[in-house]
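Student: Submitted below is the structure of interest, expressed as structure tokens.
The values are calculated or read from the model by the stated rules, or taken from the named source; none is laboratory data. Predicted model, so just to flag it, every value in this text is computed and none were measured. Backbone-built Cβ (ideal geometry, glycine too); neighbour counts: all protein chains shown. Side chains are part of the model used for accessible areas, which takes the heavy atoms of the whole protein and leaves out ligands, DNA and RNA. Shrake-Rupley method; radii C 1.70, N 1.55, O 1.52, S 1.80 Å.
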Amino acid sequence: MCGILGLLLADENAHVNQMLFDGLTVLQHRGQDAAGIVTSEHGRLHLRKDNGLVKDVFQTHHMIDLRGNFGLGHVRYPTAGSSSCAEAQPLYTNYPHGVCVAHNGNLTNAAELADYCRNKLGRHINTDSDSEVLLNIFADSLIKGESNGNDMVENIFSAVEKVMSLCKGGYAGMYLINGIALVGFRDPHGIRPIVMGTRKS
């Protein structure tokens, strides 16, 4: 069980850091092991994550650095992997574009998919976290779609479809594609639901 949150502000000069912090504080009951926030500011990612409660992980100087008009937040309750701060989320890979993931749930075929990522895709898996598998399968699918000259929106949906076709279990999460999009996803059976909302500023 984890808590995930993604926010996108229409004003490119606004910052989501405080709203993500406030949202994670409300979601703290979903995980007390670790917390993390990543934001995107004009193509640059700012990331802070560590073991501990939201109020302890994010001090004023961290919040000042988490600039940008969209981002992801995560509070972790470890059900897979370990309690290492290396497995705190959001997780990040630099190629393509800089992609991050915040995930809740469990993949029942995570070991098999980690082998697939290493041996078939040539991707480096650095942790025992099933979230890292979700990240690498999505990133690899984005790369393949771009090399085929696909439209970015079509490419994103195709990459999510690939994740859903390979990843078994109950899961929901969000991808942040740096400077491009926030993408929400859930397992095909809706075992781990995710909610999307909008509001006027």
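Student: So what is the relative contact order for the chain, in percent, with contacts set as C-alpha pairs under 8 Å and at least six apart?
Tutor: Result for the chain is 21 percent.
Student: Starting from the Cα gyration tensor of the stretch 26-86, multiply each eigenvalue by 5, take the square root, and state the resulting semi-axes largest first in whole Å. Can you show the working numbers first?
Tutor: Numbers: eigenvalues 91, 30, 21 Å².
The equivalent ellipsoid of the stretch 26-86 has semi-axes of 21, 12, 10 Å.
Student: Of His124, Ile137, Gly68, which is farthest towards the positive pole of the stretch 25-151's charge dipole, taken about the Cα centre with +1 and -1 on the beta-carbons of Lys, Arg and Asp, Glu respectively?
Tutor: With unit charges placed on the Cβ atoms, the residue in question is Gly68.
Student: Right, something else. Give me the percent of accessible area attributable to carbon and sulfur for the chain, probe 1.4 angstrom. List each step's numbers first, then the result.
Tutor: On the way: 5110 of 9910 Å².
Heavy-atom surface of the chain belonging to carbon and sulfur, 1.4 Å probe: 52 percent.
Student: OK, next. Classify the stretch 74-127: rounded, prolate or oblate, from the alpha-carbon gyration tensor (a ≥ b ≥ c, eigenvalue square roots; a/c under 1.5 rounded; otherwise prolate if a/b is larger than b/c)? Mind showing how you got there, number by number?
Tutor: Numbers: a/c = 1.94, a/b = 1.19, b/c = 1.63.
Note, shape of the stretch 74-127 comes out oblate.
Student: Round to the nearest 0.05 the FRET efficiency obtained for Ala111 and Phe157 when R0 = 25 Å and r is the Cβ-Cβ distance.
Tutor: Step by step, r from the Cβ atoms, then E = 0.35.
Student: Under 20 Å between C-alpha atoms is the cut-off here; go through the chain and count lysine pairs that meet it, provided they're at least eight residues apart or on different chains.
Tutor: Values: Lys120/Lys144; Lys120/Lys162; Lys120/Lys168; Lys144/Lys162.
For the chain, the number of qualifying lysine pairs is 4.
Student: Local charge sum around Lys168 (other residues, Cβ-Cβ under 14 Å, Lys/Arg +1, Asp/Glu -1)? Please report the intermediate quantities before stating the final value.
Tutor: On the way: positive: Lys162, Arg186, Arg192; negative: Glu112, Asp130, Asp187.
Counting the neighbours of Lys168, the net charge comes to 0.
Student: Given Cβ point charges of +1 (Lys, Arg) and -1 (Asp, Glu) and nothing else, what value in debye, to the nearest 20, does the dipole of the stretch 1-122 about its Cα centre take? Intermediate results must be reported in sequence, preceding the final value.
Tutor: Details: 9 positive and 11 negative charges, 27 e Å.
In debye, rounded to 20, the stretch 1-122 gives about 140.
Student: I need the phi-derived Karplus couplings for the stretch 157-165: 6.51 cos²θ - 1.76 cosθ + 1.60, θ = phi - 60°, integer Hz, Gly and Pro marked x.
Tutor: 5, 5, 5, 5, 4, 5, 4, 5, 6
Student: Moving on to the next point. Quick one: 3J(HN,Hα) in Hz for the stretch 100-108, Karplus 6.51/-1.76/1.60 with θ = phi - 60°, rounded, Gly and Pro as x.
Tutor: 10, 9, 10, 9, 10, x, 9, 9, 7
Student: Still on this structure, I have one more. Looking at the square roots a ≥ b ≥ c of the eigenvalues of the Cα gyration tensor of the stretch 80-201, which shape do they give, rounded for a/c under 1.5, prolate if a/b is larger than b/c, or oblate? Please report the intermediate quantities before stating the final value.
Tutor: Details: a/c = 1.42, a/b = 1.10, b/c = 1.29.
Cα axes put the stretch 80-201 in the rounded bin.
Student: Another question, then. Decide, for the stretch 1-134, between rounded, prolate and oblate: order the square roots of the alpha carbon gyration tensor eigenvalues as a ≥ b ≥ c, take rounded if a/c falls under 1.5, and otherwise choose prolate if a/b is larger than b/c, else oblate.
Tutor: Values: a/c = 2.22, a/b = 1.39, b/c = 1.59.
In terms of gyration-tensor shape, oblate.
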